[in-house]
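S.K.: Take this structure, written in structure tokens, and hold onto it; I'll ask about it next.
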Amino acid sequence: MNLQKKQQGLSGLGWMLLILIVGGTATLGIRLIPHYVDFNTAAAILDGMSREQGLISKRTSDIEAMFKKRLKLNNIREFKLDERLTIKRASDRIIINLEYEVREPLVYNIHVLLTFKHNVQLRN
């Protein structure tokens, strides 16, 4: 009797392709997720500040110091506020813009550019 065996599993090329896809996805995740976590934390801090009463009467430097302190409490240490945070005053509100770009190297000369923007208005 000549019984044909059914093929089981992946071929060598199939395994290499699977490892390439999983490895590439893991590399992207390891490199990019921390930037998204930092931005979402900073945006949540700004949203929390917008719900607080009495911030509009504070000086700009006090608001920046408060934001910086809250970043430090959330373990975001290397956040360049001078380049990323702008505070503009109007007659009845304060507009805080968090806007920046991060260039993350992936492999050799391939980089990914991430752009983050978040705006908050403080009112009485």
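The values are calculated or read from the model by the stated rules, or taken from the named source; none is laboratory data. Just so you know, these numbers come straight off a predicted model, no measurement behind them. Please note: Cβ atoms are built from the backbone with ideal geometry, for glycine as well, and neighbour counts cover all protein chains shown.
S.K.: Right, Arg103: charged (D, E, K, R) and either surrounded by 15 or more Cβ atoms within 10 Å (Cβ to Cβ) or in a strand (DSSP E or B) (or both) or not?
M.R.: For Arg103, the condition - charged (D, E, K, R) and either surrounded by 15 or more Cβ atoms within 10 Å (Cβ to Cβ) or in a strand (DSSP E or B) (or both) - is met.
S.K.: Please go through the stretch 37-59 and pick out each residue that is free of Cβ contacts under 8 Å to residues at least 40 places away in the same chain and within 27 Å of Leu114 (Cα to Cα).
M.R.: Residues satisfying the conditions are Val37, Asn40, Thr41, Ala44, Ile45, Gly48.
S.K.: Related question: Out of all the residues in the stretch 94-124, which are free of Cβ contacts under 8 Å to residues at least 40 places away in the same chain, of a type in the set (S, T, N, Q) and within 18 Å of Phe39 (Cα to Cα)?
M.R.: Asn97, Thr115, Asn119
S.K.: Can you tell me which residue among Arg84, Arg103, Arg77, Arg70 is at pLDDT below 90 and basic (Lys, Arg)?
M.R.: So the residue among Arg84, Arg103, Arg77, Arg70 that is at pLDDT below 90 and basic (Lys, Arg) is Arg77.
S.K.: Something else: If I go through the stretch 82-93 residue by residue, how many of them are loosely packed, with under 10 Cβ neighbours inside 10 Å and either β-branched (Val, Ile, Thr) or under 22 Å from Asp38 (Cβ atoms) (or both)?
M.R.: Within the stretch 82-93, residues that are loosely packed, with under 10 Cβ neighbours inside 10 Å and either β-branched (Val, Ile, Thr) or under 22 Å from Asp38 (Cβ atoms) (or both) number 1.
S.K.: Test each condition in (1) touching a helix residue (DSSP H, G or I) at 6+ places or on another chain (Cβ under 6 Å); (2) part of a strand (DSSP E or B) for Thr86 and report the one that comes out false.
M.R.: Of (1) touching a helix residue (DSSP H, G or I) at 6+ places or on another chain (Cβ under 6 Å); (2) part of a strand (DSSP E or B), only one is false for Thr86: (1).
S.K.: Look through the stretch 1-52, keep the residues that are under 27 Å from the mean Cα position of the chain (by Cα) and assigned to a loop (DSSP other than H, G, I, E, B), and return whichever of them is nearest to Val107 (Cα to Cα).
M.R.: Arg51
S.K.: With the structure loaded, tell me whether Ala90 is small (Gly, Ala, Ser) and within 25 Å of the chain's Cα centre (by Cα) or whether it fails that test.
M.R.: Taking the combined requirement at face value, the residue does not satisfy it.
S.K.: Just the residues that are more than 18 Å from Lys117 (Cα to Cα) and either outside any helix (DSSP H, G or I) or more than 20 Å from the chain's Cα centre (by Cα) (or both), please, taken from the stretch 67-77.
M.R.: Within the stretch 67-77, Asn74, Asn75, Arg77 meet the criteria.
S.K.: Is it true that some residue in the stretch 4-27 is among the hydroxyl-bearing types (Ser, Thr, Tyr), in contact (Cβ under 8 Å) with a residue 40 or more places away in the chain and on the phi < 0 side of the Ramachandran plot?
M.R.: Yes, that holds for at least one residue.
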